[in-house]
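Q: Please see the structure below; I have some questions.
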Amino acid sequence: VQLQASGGGLVQTGGSLRLSCAASGRTFSSYPMGWFRQAPGKDREFVAAIDKNGYNPIYQDSVTGRFTVSRDNAEKMVYLQMNSLKLEDTGIYYCARTRRWSPAREAGLYDLWGQGTQVTVSS
């Protein structure tokens with residue numbers, strides 16, 4: 001199984017981007033999926049996650065109300081819609097899979113990671 005994130009780019013503050021994560025393999029729909037990000041010089045941090053059926057999303061407080069995580073199991077895709085982007089949203093965004101029953105906030109609970117896509121928010 002592999003994960004491939006895409007959709008990053010350069011956007012002005014207040015703008016929007018939609019990140020996509022394509023999964024290969026037959027077990028995609030069996031596990032929750034998450035999004036993380038890493039800003040320069042900082043640790044990787046949790047952004048959002050969703051359960052295997054596309055319900056019960058959880059978010060980092062700073063993105064609640066601005067970001068929406070979703071998935072399409074038929075297409076083996078996970079999405080992160082990001083609106084009202086801020087300078088502090090800049091970073092490399094990663095999608096990841098956890099084998100836990102429910103979505104998790106801890107990066108250490110995810111066992112499969114995509115390669116990341118760069119999001120840069122400018123003023």
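Q: In terms of Cα to Cα distance under 23 Å, which lysines are near enough to K52, apart from those fewer than 8 places away along the same chain?
A: Within reach: K76.
Q: Give me the percent of accessible area attributable to carbon and sulfur for the chain, probe 1.4 angstrom.
A: Carbon and sulfur: 46 percent of the exposed surface of the chain.
Q: For the chain, take N as its residue count and report Rg(C-alpha) divided by 2.2 N^0.38 Å.
A: Here the Cα radius of gyration is 0.96 times the empirical estimate.
Q: Go ahead and set up a Gaussian network model of the chain, Cα springs under 10 Å, then flag whichever of K42, K76, K86 fluctuates most.
A: K42
Q: So, taking all protein chains as they sit and a 1.4 Å probe, how much accessible area belongs to Y55, in Å² rounded to tens?
A: 150 Å²
Q: How much length would be gained if the chain were fully extended between Q81 and S30, taking 0.36 nm per residue of separation minus their Cα-Cα distance, in nm to one decimal?
A: Difference between extended and current length: 16.1 nm.
Q: Here's something else I'd like to know. Leaving out ligands and nucleic acids, and using a 1.4 Å probe, what accessible area per residue does segment 1-53 come to in Å²?
A: 50 Å²
Q: Just for the Cα atoms in segment 60-109, what are the lengths along the principal axes, largest first, rounded to whole Å?
A: Sorted from largest, the Cα extents of segment 60-109 read 32, 26, 20 Å.
Q: Please arrange L3, L10 by accessible surface area, largest first, computed with a 1.4 Å probe and ligands excluded.
A: L10, L3
Q: Any idea of L17's accessible area? Nearest 10 Å², probe 1.4 Å.
A: 30 Å²
The values are calculated or read from the model by the stated rules, or taken from the named source; none is laboratory data. Since this is a predicted model, take the numbers as computed values, not measurements. Side chains are part of the model used for accessible areas, which takes the heavy atoms of the whole protein and leaves out ligands, DNA and RNA. Shrake-Rupley method; radii C 1.70, N 1.55, O 1.52, S 1.80 Å.
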